[in-house]
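Colleague: Here it is: the structure, laid out below.
The values are calculated or read from the model by the stated rules, or taken from the named source; none is laboratory data. Just so it is clear, the model here is predicted, and its values are computed rather than measured. Neighbour counts are summed over all protein chains in view; Cβ atoms, including those assigned to glycine, are modelled from backbone coordinates with ideal geometry. With ligands, DNA and RNA removed, areas are computed over all heavy atoms of the protein, side chains included. Shrake-Rupley method; radii C 1.70, N 1.55, O 1.52, S 1.80 Å.
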Protein chains: 2
Amino acid sequence: MFHEPLLLGFPDYQLQAKNLARLLKIEYAEAELHYFPDGESKIRLPIDIPSTVVICRSLDSPNDKLIELFFTVKELRQKGCERIILVAPYLCYMRQDKEFQPGEAVSQRWVGRLLASLVDEVITVDPHLHRVKKLEDIIKTRRVAALSAASLIGNQIALRVSDPLIIGPDEESKQWVEQIAQLHDFNYLVGDKTRLGDRDVNIVLPPSDVKDRTVVLVDDMASTGKTLINTAQQLKELGVDKIYCAITHALFVGDSYHELLATGVKEVWSTDSVSHSSNCISLASLLADTIRL
Amino acid sequence: MFHEPLLLGFPDYQLQAKNLARLLKIEYAEAELHYFPDGESKIRLPIDIPSTVVICRSLDSPNDKLIELFFTVKELRQKGCERIILVAPYLCYMRQDKEFQPGEAVSQRWVGRLLASLVDEVITVDPHLHRVKKLEDIIKTRRVAALSAASLIGNQIALRVSDPLIIGPDEESKQWVEQIAQLHDFNYLVGDKTRLGDRDVNIVLPPSDVKDRTVVLVDDMASTGKTLINTAQQLKELGVDKIYCAITHALFVGDSYHELLATGVKEVWSTDSVSHSSNCISLASLLADTIRL
């Protein structure tokens, strides 16, 4: 049995986890994951488990991964693991933070309780916090860290375009847009979004002379991408030629990424919180700097 | 707020849950269930929650349903619900009852712990117990009941064919086959199965004169259906004309049901533990007789 901390990765989040292990200078081991034809998950863990394990896996497409995390943690604890740090750059269920209609399960709260019951520390990036402002009020465990990718995203923007106008599509994006703009002295403006359904939004941009600007749309995540698509289309209609997108979490369900590119957006830059072909910003250093082993 | 017990159903298990509520003479209410495009589940529960709630939903395709059960129970408890009875005619993860390879998570154990932590009573039918013989050793909660559909399946067989030969494809099916055969004085025999993979099995039948018999293949569940398909093919090759199948849990993933019928099996009879077009045996009375309100 080895006693150095171990980083435990999963096949669907291998590159990111291996990079993190390398920066932390700890051993990497990968769980074997198999889905039975009826939808049950089979997990096989390394045999030698040290007292500290870092589990690195984002929680997009969350239900399978939450159950697999549950099995993994229970097995690790049974094998004597005393300290489990969950590094989940993308955290799920953060948007369901109230009963939008009476009777709705506030799943943000229950996912927080589940994670707190399982692991000792949770490290994530840009969780979509809105009504509950602090992650430690959702996940009440020994230590939580909600990191910001704003600085990394700002650097990427500065690296690729000069004098950009940063646009956040809605009030909820304001926190990220402001931070990025202020770090680099970029101009910015923030739109106003009305959500009409899961896949239907209406964005109103403030009146502004954008025609000749290089615009970078910034948001924390793209799920159906409708918010970015709608905003990009409006900017195109206003005659804007150079449009880029920068996001932390590239969920991009279904065909949404190609729909976004089809609007004429030149490039999409995302962090590797969720594996996607637009990934160009590694979170490994940011995460490694926060983990205390 | 009403104080009579409530039966809480879900859209994907509506008929069975409504039948059960009718037999129990209690009100039926249905959770609203919505999947966001990124795979998160949204659940909306009735507003008035009594102190006793019967949740009726099988746990096939389990990961989504386990997370949804978790959210549901947490909300019910927060609203003051004191007693929660889970009626899950099909229970998931019962086959992973040991480390088949070193390091494998024994998910049967952890699902049992999860269910015990959530609900006060669990009622199920023909759980696939093999190495751990008693459901109460897996789910340590106030009350568990593992009912048998053998008598109902035996009745269905007796109703449709005369003097059948009951065949169980493998040693694990013996418990169901024996019970059914003895109740009705049917002849029976049991094969020997070697599993070569998730979707690949080899069945060896004992030497026996089966050619002119009406054969009913009996098992607790059909997942990929390979066990039944392989056995039916062998019987066909031995010249058996009349082959029927009777199972408790009709999971039938993918195209397996049609593959089974393509072997020449005349009819498949299943209980309504999992919704499927072969369902012809209602479990409602059996379940209702076991629930104590």
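Colleague: Give the relative contact order (percent, whole number) for chain B; include only Cα pairs under 8 Å separated by 6+ residues.
Modeller: On the way: 589 pairs, mean separation 39.1, N = 293.
With pairs under 8 Å counted, the relative contact order is 13 percent.
Colleague: Another question, if that's okay. How much accessible area per residue does the protein assembly as shown have, counting only protein heavy atoms and a probe of 1.4 Å, in square angstrom? If you can, show how the numbers build up before the last one.
Modeller: Numbers: 23810 Å² over 586 residues.
For the protein assembly as shown, the solvent-accessible area averages 41 Å² per residue.
Colleague: On the protein heavy atoms, probe 1.4 angstrom, tell me the percent of accessible surface of chain A carried by carbon and sulfur.
Modeller: 46
Colleague: Could you check the simple spin-label distance between A:HIS258 and A:HIS184, using points 7 Å along Cα→Cβ, in nm with one decimal?
Modeller: Those two pseudo-labels are separated by 3.0 nm.
Colleague: Still on this model: Straight-line reach from B:LYS79: which lysines have a Cα under 22 Å away, not including same-chain ones fewer than 8 places off?
Modeller: Output for B:LYS79: A:LYS98, A:LYS140, B:LYS42, B:LYS65.
Colleague: How big is the A-B contact in terms of buried accessible area, both chains counted, 1.4 Å probe, rounded to the nearest 100 Å²? It would help to have the intermediate numbers written out before the result.
Modeller: Details: alone 13990 and 13990 Å², together 23810 Å².
Buried surface at the A/B interface: approximately 4200 Å².
Colleague: Name the residues whose placed amide hydrogens come within less than 5 Å of the amide hydrogen of B:ILE166, ignoring near sequence neighbours (fewer than 5 apart) on the same chain.
Modeller: Placed amide hydrogens put B:ASN187, B:TYR188, B:LEU189, B:VAL216 under 5 Å from B:ILE166.
Colleague: Sticking with this structure for a sec: Subtracting the Cα-Cα distance from 0.36 nm times the residue separation, let me have the gained length for A:LYS266 to A:HIS3 in nm, one decimal. Kindly include the intermediate steps, with their values, before the conclusion.
Modeller: On the way: separation 263, 0.36 × 263 = 94.68 nm, distance 4.86 nm.
Contour length minus Cα-Cα distance gives 89.8 nm.
Colleague: Non-local amide H neighbours of B:VAL201 (under 5 Å, H modeled in plane, Pro and chain starts lacking H): which ones?
Modeller: Counting only residues 5 or more places away or on other chains, the set is B:LEU196.
Colleague: How crowded by other chains is A:41-48, given as the mean number of beta carbons from other chains within 10 Å of each beta carbon?
Modeller: Values: counts 6, 9, 5, 7, 5, 2, 4, 1.
The shielding value for this peptide is 5.
Colleague: Right, something else. What residues qualify as long-range amide H neighbours of A:ALA149, i.e. H under 5 Å apart, gap of 5 or more or another chain, H built at 1.01 Å from N?
Modeller: A:ASP126
Colleague: Placing a label point 7 Å from Cα toward Cβ, how far apart in nm is A:HIS184 from its equivalents in the other copies, listed shortest first to one decimal?
Modeller: Here A:HIS184 shows inter-copy label distances of 7.4 nm.
Colleague: Under 18 Å between alpha carbons: how many lysine pairs meet that in the stretch A:150-272, if sequence neighbours fewer than 8 apart on the same chain are excluded?
Modeller: Summing the qualifying lysine pairs gives 11.
Colleague: Every other copy gets compared here: list the nm distances from the A:SER277 label point (7 Å along Cα to Cβ) to its counterparts, shortest first, one decimal.
Modeller: 3.7
Colleague: Go through the stretch B:157-164 residue by residue and turn each phi into a ³J(HN,Hα) via Karplus (6.51, -1.76, 1.60, θ = phi - 60°); whole Hz please, and just put x for glycine and proline.
Modeller: 4, 5, 6, 9, 9, 10, 6, x
Colleague: Could you give the angle, 0 to 90 degrees to the nearest 10, between helix B:226-237's Cα long axis and the longest principal axis of the Cα atoms of chain B?
Modeller: For helix B:226-237, the angle is close to 20 degrees.
Colleague: About the Cα centre of the stretch A:88-208, what is the dipole size in debye to 20, counting +1 per Lys and Arg Cβ and -1 per Asp and Glu Cβ, all else neutral?
Modeller: Charge dipole, the stretch A:88-208, about its Cα centre: 360 debye, nearest 20.
Colleague: Once both axes come from the Cα atoms, what is the angle between helix B:62-78 and the longest principal axis of chain B, in degrees from 0 to 90, rounded to 10?
Modeller: 30
Colleague: Ordered by residue, what ³J(HN,Hα) values in Hz, to whole numbers, does the stretch B:26-42 give under the Karplus form 6.51 cos²θ - 1.76 cosθ + 1.60, where θ = phi - 60° and Gly and Pro are x?
Modeller: Result, ordered by residue: 10, 5, 9, 9, 10, 6, 7, 10, 9, 9, 5, x, 8, x, 7, 9, 10 Hz.
Colleague: Report the FRET efficiency, 1/(1 + (r/R0)^6), for B:HIS130 and B:LEU205, where r is their Cβ-Cβ distance and R0 is 22 Å, rounded to 0.05. Kindly include the intermediate steps, with their values, before the conclusion.
Modeller: Details: r = 21 Å, r/R0 = 0.95.
Efficiency at R0 = 22 Å is approximately 0.55.
Colleague: Antiparallel DSSP bridges in the protein assembly as shown: what percent, to the nearest 5?
Modeller: Working: 20 of 102 bridges.
Just about 20 percent of them are antiparallel.
Colleague: Pick from A:ILE247, A:ILE153, A:ILE67: which is most flexible by mean-square fluctuation in a GNM of chain A where alpha carbon atoms under 10 Å apart are linked?
Modeller: Most flexible of the set in this elastic network: A:ILE67.
Colleague: With the label 7 angstrom out along Cα to Cβ, how close does A:LYS134 come to the same site in each of the other copies, in nm, nearest first?
Modeller: 4.8
Colleague: If you don't mind, there's one more thing I want to ask. Just checking the output field for B:139-151: average partner chain Cβ neighbours within 10 Å of each residue's Cβ?
Modeller: Working: counts 0, 0, 0, 0, 0, 0, 0, 0, 0, 0, 0, 0, 0.
The shielding value for this peptide is 0.
Colleague: Can you work out which chain B residue has the shortest Cβ-to-axis distance for the rotation that carries B onto A, and give it in Å?
Modeller: B:ASN63, 2
Colleague: Moving on. If you take the beta carbon distance between B:ARG160 and B:ASP137 as r and set R0 to 30 Å, what does 1/(1 + (r/R0)^6) give as a FRET efficiency, to the nearest 0.05? All intermediate terms of the calculation are to be shown ahead of the outcome.
Modeller: Details: r = 36 Å, r/R0 = 1.21.
Efficiency computed from Cβ-Cβ geometry: 0.25.
Colleague: List, in order, the whole-Hz ³J(HN,Hα) value for each residue of the stretch B:262-275 obtained from phi through the Karplus relation with A = 6.51, B = -1.76, C = 1.60 and θ = phi - 60°; use x for Gly and Pro.
Modeller: With the stated coefficients, the stretch B:262-275 comes to 5, 6, x, 4, 6, 8, 10, 10, 9, 7, 8, 4, 10, 4 Hz.
Colleague: Work out the mean other chain Cβ neighbour count within 10 Å for the residues of A:105-112 and drop it here as an integer. Provide the component values of the computation, followed by the final result.
Modeller: Values: counts 15, 4, 10, 0, 4, 8, 4, 0.
Shielding by partners across A:105-112 averages 6.
Colleague: Go ahead and run the numbers for FRET between B:GLN78 and A:GLN14, Cβ-Cβ distance against an R0 of 45 Å, rounding to 0.05. Walk me through the intermediate numbers first.
Modeller: On the way: r = 38 Å, r/R0 = 0.85.
Efficiency computed from Cβ-Cβ geometry: 0.75.
Colleague: I've got another one for you. Name the most mobile residue of A:SER117, A:SER273, A:SER208, meaning the one with the largest mean-square fluctuation, in a Gaussian network model of chain A with Cα contacts below 10 Å.
Modeller: Result: A:SER208 has the largest fluctuation of those listed.
Colleague: Given the options A:SER282, A:SER151, A:SER41, which has the most mean-square fluctuation in a GNM of chain A, springs set between C-alpha atoms less than 10 angstrom apart?
Modeller: Residue with maximal mean-square fluctuation among A:SER282, A:SER151, A:SER41: A:SER41.
Colleague: Let me make sure I get this right: for the stretch B:150-272, a, b and c are the square roots of the gyration tensor eigenvalues over alpha carbons, sorted descending. Under 1.5 in a/c it's rounded, otherwise prolate if a/b > b/c, else oblate. Which is it? Before the final figure, lay out the partial values.
Modeller: Numbers: a/c = 1.36, a/b = 1.20, b/c = 1.14.
Because its axes are fairly even, with a/c under 1.5, the stretch B:150-272 counts as rounded.
Colleague: If I model a spin label as a point 7 Å beyond the Cα along the Cα-Cβ vector, how far apart are those points for A:PHE100 and A:SER148 in nm?
Modeller: Going by the 7 Å Cα→Cβ label model, 2.6 nm.
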